[in-house]
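The values are calculated or read from the model by the stated rules, or taken from the named source; none is laboratory data. All values derive from a computational prediction rather than experimental measurement. Every residue, glycine as well, gets a Cβ built from its backbone with ideal geometry; the counts of neighbours run over all protein chains shown.
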Amino acid sequence: QSDFEHEQAHVSQMLKNAEEQRNRVYYKQEQAAKAWFAERGLEYKDEGARQKLPDEEKPPRHVGLNATDKGQYKVYKQDVWIWTRRLERFEPMIQGVYNGQDDPLRYPGSRKLRIIEKQDPDWKPESFILMGGALEAEGESVQPGVLSATGLPVPSEESSQSFLLPNSIDGRRLALAKWIAQDENPLTTRSIVNRIWQNHFGQAIARNPNNFGAKGAKPTHPKLLDYLASSLVEHDWKIKRLHKLIMTSKTYMQSTQRDDLQQLRQADPNNELLGVFLPRRLTAEEIRDSFLAITGEFNPMMGGLPVRPEINMEVALQPRMIQFSLAPAYQPSPKPEMRNRRTIYAYRVRGQADPFLELFNQPNPNDSCEMRDSLTVTPQALTLLNSDVVTDRSIAFAQRLQSERETLEQQIQRAYSLTYGRSPSRSALSRLKKYVAEMREYHSKVEPVAVDYPTELVRTLVEEFSGEPFNYVEKLPVFEAYQADTKAADVDVNTRALADLCLLLFNSSEFMYLY
């Protein structure tokens with residue numbers, strides 16, 4: 001099976017499980033409803049049809065169900081809706097945009113987009129200044145337009161100097177997109193260049209990327225900003241070339257040290273003149289991707305469906321409330337080659353962040369991130385030393401070293417080459433050989449515990465109306481045929497000792513930082 005087919009089969013299985021459980025409770029309810037109608041000599045009507053009947057002509061809601069049944073029915077109905085929506089993602093759909101008036105009967109809690117059947121040909125969209133940014137606080141009526149401060153008008157048949165967008169139903173988004181993507185637009189290219197520069201140097205040329213312009217911080221090197229923006233346009237907006245231009249510059253390749261460093265810090269404490277390269281810690285995604293690249297587990301495949309890397313199991317299986325029910329547990333992709341792709345392809349759950357990535361300051365998807373934090377806190381060190389994520393990578397790294405080199409000395413040299421891009425010094429080599437010997441002796445006395453993955457969970461909730469607790473079972477079919485990463489219990493003493501050395505290298509500043 002391809003990854004696409006495998007994921008589709010998994011979602012279909014989860015939907016089938018949810019439907020079976022829902023139908024089990026529904027059958028019990030409808031049997032009681034049939035008995036109620038029969039006792040009164042009335043024609044049976046199913047749950048949907050009898051909703052419009054007067055109360056005296058229909059049985060009580062959830063007839064025949066106890067508190068546990070009621071709670072389970074609500075949970076399984078929610079699960080059916082969730083997995084149905086997820087299964088829709090595998091259907092060949094066209095991502096389009098609806099142009100037309102809103103349905104006057106729509107309501108904010110609607111789960112589906114409702115398009116009005118009969119369009120009013122005279123209807124035109126109306127735009128307002130939203131007071132305080134609130135959608136409900138409509139102020140003055142205005143016509144959509146672009147930023148006049150840029151001095152770049154929207155080309156139109158009516159006027160060549162107009163900053164207004166078309167006020168018709170069709171064409172407004174296209175006109176705005178064309179204005180943004182014009183080569184002459186002074187804002188678009190500078191904003192792009194400013195953010196890319198910040199990614200490489202840790203600080204932008206204009207310090208406020210989210211507020212680039214007159215009210216934001218002034219650029220420290222305006223001519224450099226203009227040059228990079230012009231270069232981007234002249235070379236067909238190729239971002240890869242822009243990265244190469246920056247990373248092959250003398251400014252980027254300069255050292256973090258220099259003889260007159262103290263005088264430089266006094267003259268330019270914020271390094272606005274870029275007289276020295278400031279060390280930068282790898283981002284959360286770069287750390288994970290570097291682990292995979294060094295251990296040889298990295299899958300370079302591009303595109304496709306989102307993948308689900310293995311995360312801390314306590315977080316993955318913990319109950320997560322959504323709309324008076326619990327969301328399905330997080331289940332990782334079943335195969336290593338599916339899990340071990342670039343972090344940019346990892347599936348992100350808004351209410352359930354990957355604890356490893358979150359700890360290393362991956363931005364919250366609900367917020368606009370102007371600049372990533374680079375905080376250093378104690379849990380980071382504990383995670384790098386003790387977490388399953390890093391431990392599994394160290395074992396994989398040790399196995400790679402053993403497969404590529406025979407002697408311990410050669411394995412250490414290879415580890416240095418892959419991790420640091422250099423050879424170890426004689427003293428470092430001697431200390432590490434001694435360290436591995438000590439770890440070998442330690443592991444010969446300590447037997448690691450095997451890791452078991454659950455195939456189902458028993459959840460407990462409180463029924464909404466009665467207040468009584470109830471249990472229900474959640475299936476985890478991924479773990480029934482799960483190809484787990486190699487664990488400590490799966491390898492011998494020598495591999496575990498070498499893995500400790502790999503773990504040591506992963507925890508070094510030389511690996512975690514760019515210098």
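One line per residue, one yes/no per condition, for (1) under 21 Å from residue 236 (Cα atoms); (2) assigned by TED's automatic domain parsing to the domain that holds residue 233; (3) part of a strand (DSSP E or B); (4) not β-branched (Val, Ile, Thr):
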position: 128; (1), (2), (3), (4): no, no, yes, yes
position: 139; (1), (2), (3), (4): no, no, yes, yes
position: 168; (1), (2), (3), (4): no, no, no, yes
position: 179; (1), (2), (3), (4): yes, no, no, yes
position: 197; (1), (2), (3), (4): yes, yes, no, yes
position: 200; (1), (2), (3), (4): no, yes, no, yes
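Considering the range 192-207 alone, what residues qualify as being among the basic types (Lys, Arg), at pLDDT 95 or above and over 22 Å from the mean Cα position of the chain (by Cα)? Give the steps one after another, and end with the answer.
Quick first cut of the range 192-207, residues among the basic types (Lys, Arg) only: 195, 207.
If we keep only those that are at pLDDT 95 or above as well, we get 195.
None - no residue of the range 192-207 is among the basic types (Lys, Arg), at pLDDT 95 or above and over 22 Å from the mean Cα position of the chain (by Cα), so the list stays empty.
Scanning the range 2-31 for residues that are out of contact with any helix residue (DSSP H, G or I) (no Cβ under 7 Å at 6 or more places or on another chain) and surrounded by fewer than 16 Cβ atoms within 10 Å (Cβ to Cβ) gives 2, 4, 5, 6, 9, 16, 20, 23, 24, 27, 31. Considering the range 196-222, the residues that are among the aromatic types (Phe, Trp, Tyr) and within 20 Å of residue 273 (Cβ to Cβ) include one that is surrounded by the fewest Cβ atoms within 10 Å (Cβ to Cβ), namely 201.
Out of curiosity, is residue 228 at pLDDT 95 or above, in contact with a helix residue (DSSP H, G or I) (Cβ under 8 Å, 6 or more places away or on another chain), part of a helix (DSSP H, G or I) and closer than 19 Å to residue 181 by Cα? Yes.
Can you pull out every residue in the range 257-297 that is within 21 Å of residue 395 (Cα to Cα), in contact with a helix residue (DSSP H, G or I) (Cβ under 6 Å, 6 or more places away or on another chain), of a type outside the set (Lys, Arg) and buried (at least 16 other Cβ atoms within 10 Å of the Cβ)?
Quick first cut of the range 257-297, residues within 21 Å of residue 395 (Cα to Cα) only: 284-297.
Checking which are in contact with a helix residue (DSSP H, G or I) (Cβ under 6 Å, 6 or more places away or on another chain) leaves us with 284-285, 288-289, 291, 294-297.
Within this subset, residues satisfying the condition of being of a type outside the set (Lys, Arg) are 284-285, 289, 291, 294-297.
284, 289, 291, 294, 295, 297 - these are the residues of the range 257-297 that are within 21 Å of residue 395 (Cα to Cα), in contact with a helix residue (DSSP H, G or I) (Cβ under 6 Å, 6 or more places away or on another chain), of a type outside the set (Lys, Arg) and buried (at least 16 other Cβ atoms within 10 Å of the Cβ).
Checking the structure you have, find out if any residue of the range 353-367 is under 14 Å from the mean Cα position of the chain (by Cα), part of a loop (DSSP other than H, G, I, E, B) and within 15 Å of residue 308 (Cα to Cα). Scanning the range 353-367 turns up at least one residue that is under 14 Å from the mean Cα position of the chain (by Cα), part of a loop (DSSP other than H, G, I, E, B) and within 15 Å of residue 308 (Cα to Cα). The residues of the range 288-331 that are among the hydrophobic types (A, V, I, L, M, F, W, C) and assigned to a loop (DSSP other than H, G, I, E, B), listed by number, are 298, 301, 302, 305, 311, 324, 327, 329.
Suppose we filter 356, 360 for residues that are touching a residue at least 24 places away in the same chain (Cβ under 8 Å), in contact with a helix residue (DSSP H, G or I) (Cβ under 6 Å, 6 or more places away or on another chain) and within 22 Å of residue 204 (Cα to Cα); which single one remains?
Details: 356 fails: within 22 Å of residue 204 (Cα to Cα).
Only one candidate qualifies: 360.
Looking at the range 7-37, which of its residues are within 30 Å of residue 308 (Cβ to Cβ) and either of a type in the set (Asp, Glu) or not assigned by TED's automatic domain parsing to the domain that holds residue 60 (or both)? Hits for the range 7-37 are 7, 19, 20.
Exactly one residue out of 318, 323 is under 27 Å from residue 457 (Cα atoms) and free of Cβ contacts under 8 Å to residues at least 12 places away in the same chain: that is 318. Contact map, the range 454-466: residues that are assigned by TED's automatic domain parsing to the domain that holds residue 484 paired with residues that are aliphatic (A, V, I, L, M) and exposed (fewer than 13 other Cβ atoms within 10 Å of the Cβ), Cβ distance under 7 Å, separation 6+ or inter-chain. Pairs shown: 456/473; 458/473. Would you confirm, using the coordinates I've provided, whether residue 21 is farther than 30 Å from residue 301 by Cα, of a type in the set (S, T, N, Q), more than 42 Å from the chain's Cα centre (by Cα) and modelled with pLDDT of 95 or more? When the stated conditions are applied, residue 21 does not pass them.
Conditions tested, residue by residue: (1) among the hydroxyl-bearing types (Ser, Thr, Tyr); (2) under 30 Å from residue 67 (Cα atoms).
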{"site": "416", "(1), (2)": "yes, no"}
{"site": "426", "(1), (2)": "no, no"}
{"site": "438", "(1), (2)": "no, no"}
{"site": "445", "(1), (2)": "no, no"}
{"site": "450", "(1), (2)": "no, no"}
{"site": "456", "(1), (2)": "no, yes"}
{"site": "463", "(1), (2)": "no, yes"}
{"site": "470", "(1), (2)": "no, yes"}
{"site": "483", "(1), (2)": "no, no"}
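Within the range 20-79, can you find the residues that are in a helix (DSSP H, G or I) and hydroxyl-bearing (Ser, Thr, Tyr)?
Taking the range 20-79 as the starting set, the residues that turn out to be in a helix (DSSP H, G or I) are 20-39, 49-52, 55-57, 67-79.
Answer for the range 20-79, where residues must be in a helix (DSSP H, G or I) and hydroxyl-bearing (Ser, Thr, Tyr): 26, 27, 68, 73, 76.
Pairing each residue of the range 34-59 that is farther than 21 Å from residue 23 by Cβ with any residue that is of a type in the set (Phe, Trp, Tyr), provided the two are 6+ apart or on different chains, yields C-beta distances under 7 Å for 43/37. Condition first: at pLDDT 95 or above, over 30 Å from residue 323 (Cα atoms) and surrounded by fewer than 16 Cβ atoms within 10 Å (Cβ to Cβ). Now tell me which residues in the range 453-483 satisfy that. Listed by number, the list holds a single entry, 483. Of the residues screened, residue 416 is one that is surrounded by 16 or more Cβ atoms within 10 Å (Cβ to Cβ), at pLDDT 95 or above and of a type in the set (Phe, Trp, Tyr).
It is to be established whether one or more residues within the range 151-164 are surrounded by fewer than 12 Cβ atoms within 10 Å (Cβ to Cβ) and under 36 Å from the mean Cα position of the chain (by Cα).
Initial filter on the range 151-164 (surrounded by fewer than 12 Cβ atoms within 10 Å (Cβ to Cβ)): 151, 157-161.
Subsequent filtering for residues that are under 36 Å from the mean Cα position of the chain (by Cα) retains none.
Checking the range 151-164: not a single residue is surrounded by fewer than 12 Cβ atoms within 10 Å (Cβ to Cβ) and under 36 Å from the mean Cα position of the chain (by Cα).
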